[in-house]
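Every number here is computed from the coordinates shown, using simple stated rules; none is lab data. Since we're looking at a predicted model, the values are computed, not measured. Cβ placement follows ideal geometry from the backbone for every residue including glycine, while neighbour counts extend to all protein chains displayed.
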Amino acid sequence: MENKSKLHEDRFSSEKILLEPDYLTDYLQLKKHEVADKNNKEIRNILEYMILGYGLHVIVSELGIQSTLSLAERTIRRKLNDCGLSNVDKLMANYYRLLLFPMLQAGEKHLIEKYNEENSLVRKYKKHKKVFKSNVVFREGASEYLGTLTYNIVSNLITMPILFAYSPITSNVNQLSEFFNKLARAQNSKLSEFANDIGFDSVQLDSWIFNAMKKMEISVNDNAELVDDLTGEVITTIGQCKI
C-alpha cells in the first residue's frame, strides 16, 4: 500500500475498504502541505479549519472571508481552485466525509442491523424477501443520530440559512419572528426536540441527508453497502471489532 494514498483494506469486512477518520485527516494534511510553499495563509487556514471539523459557514465567518453563509461552499471551492490545488472535488468530498463521519457511521450501523434482521426473519420463517430499501434505512439511522445532537453542535453541520430555507414557517413574513424566537429557545435542545417546532421535520431532514451523501460522494447499494462514488469501491466505516 502506498503511504497515505489509499484507504485501509479490512480483510474481515468481505473485501470492503475501511474508511477511517485518520485517513481523511491525513489527506487534508497533505493538501495543506501542497500549498505550504505558495505563501497563501488564507488557504492554509481554510484547510486547518477543515481538519478541525468546522462547517464551511463557520470557516467563512471565522476567517472573515467575504461571502454569505449560504454561499460558503461556492466561495471556498473557488478559492481552493484559484490557488491551484489539485483534485478539489476529491478534497471537498473527503472534507465532508470527515465532518460527517459520525453520521455516516451511525447510518451504516443502523443499515447493517436492519439488513441482518430482515435476512434473519426470511431464513427463520421462510418468508418471501421484501424489497429492502437500503438508502431509506441508511438515512433513518443518520437521522436518528442527528436527532441526538444539540443545536449548538448540529448548527455546525446544518446552517441556519438551511433551516430557514427548508422551514415552511419562513414563507410567511408574519411568522419570521416566530421562527427566530423558536430557534433562540432551542439553543440547548436536541434537534429531535426542536426541529418540528421550526418546521424542519423528518422530510426536510431526510432531504438534507440525501444531499449530504452527494457531497460526500457516497451512495448505498442494494446489498446494504456503502459505495465510494469516486472509485466505485465498496467501503465501510466499521472495523471488524465494532460490528
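Observations
- Charged-residue dipole, Cβ positions (Lys, Arg, Asp, Glu), the range 101-242 about Cα centre, Debye nearest 20: 500 debye
- Residue separation of SER86 and GLU178 scaled by 0.36 nm, minus their Cα-Cα distance, works out to 28.6 nm of gained length.
- The dipole here belongs to the chain: it is taken about the Cα centre, uses +1 on the Cβ of Lys and Arg and -1 on the Cβ of Asp and Glu, and is about 320 debye.
- When peptides 69-78, 132-141 are sorted by average Cβ neighbour count within 10 Å, with the highest value leading, the order is 132-141, 69-78.
- Burial ranking of peptide ranges 110-116, 96-102 (average Cβ count within 10 Å, highest at the top): 96-102, 110-116
- A quarter of the convex hull surface defined by the alpha-carbon atoms of the range 21-99 gives 4.5 nm² as the mean projection.
- Flagged links, alpha-carbon separation over 21 Å, of LYS130/LYS215; LYS109/LYS133; LYS114/LYS190; LYS90/LYS190; LYS16/LYS109; LYS182/LYS215: LYS130/LYS215; LYS114/LYS190; LYS90/LYS190; LYS182/LYS215
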